[in-house]
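Working notes, structure below.
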Amino acid sequence: MFSRFHNRKGFTLIELMIVVVIIGILAALAIPRFMQATTKSKQSEAKQLLKQIYTMQRTYRQANTTYGDNGASAAAEGVAIQTFPEIGVEVMAGNKYAYDIVSAQNTFTATAAVNLDDDVTIDTWTMDQDGNLVNTINDVTT
């Protein structure tokens, strides 16, 4: 009286295909969000270092009545520690962003730039003497 279907073990092809489709839909939703989250986390390097440059520029100006390190820069993907010697800021080895400082007696602008996701857009952050941190070109959303 046993039916041949009672001893059936495993899954049918249709059941497996449904599971594959569900996994594909979940991956299509999750992978872009994951990539955006990782590039946003890389932006924290620029924010942190620009804030450090701002603090050290303010300290330098208190002592010297002008801002320091005019025209100084630190390359992206540094293999060694690079410094902005006048203001005492170190850019650690392996940095993602390239940093530049343009300063005068009463103003300065520090810039961080990098291509985060290998497209044509360059992610660019700036910090000025008033502490304004601005993402002028956002590589994550464009």
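The numbers here are math on the coordinates, done by the rules we state, and not lab data. Predicted, not measured: the structure shown is a model, and the values here were computed from it. Positions of Cβ are backbone-derived with ideal geometry, glycine not excepted, and every protein chain shown enters the neighbour counts.
Using Cα pairs closer than 8 Å and at least 6 residues apart in sequence, work out the relative contact order for the stretch 44-137, in percent. Relative contact order for the stretch 44-137 comes out at 25 percent.
Seen against the Cα atoms of the chain and their longest principal axis, helix 13-64 is set at about 10 degrees. Helix-only arithmetic for the chain: the sum of -39500 (n - 2.57) across DSSP H runs with n ≥ 4, divided by the residue total, places the mean residue ellipticity at 222 nm at -13500 deg cm²/dmol. The residues packed around Gly68, meaning those with a beta-carbon under 10 Å from its beta-carbon, carry a net charge of -1 if Lys and Arg are +1 and Asp and Glu are -1. Put simply, the amide H of Val89, placed in the peptide plane, has neighbours under 5 Å in Phe84, leaving out anything fewer than 5 places away on its chain. Note on the chain: with a GNM built from Cα contacts shorter than 10 Å, the maximum mean-square fluctuation among Val114, Val79, Val89 falls on Val79.
Students often get this wrong, so try it: which of (i) 37; (ii) 52; (iii) 46 is percent of Cα pairs over 25 Å apart as calculated from the structure shown? Computing percent of Cα pairs over 25 Å apart and matching it to (i) 37; (ii) 52; (iii) 46 gives (iii).
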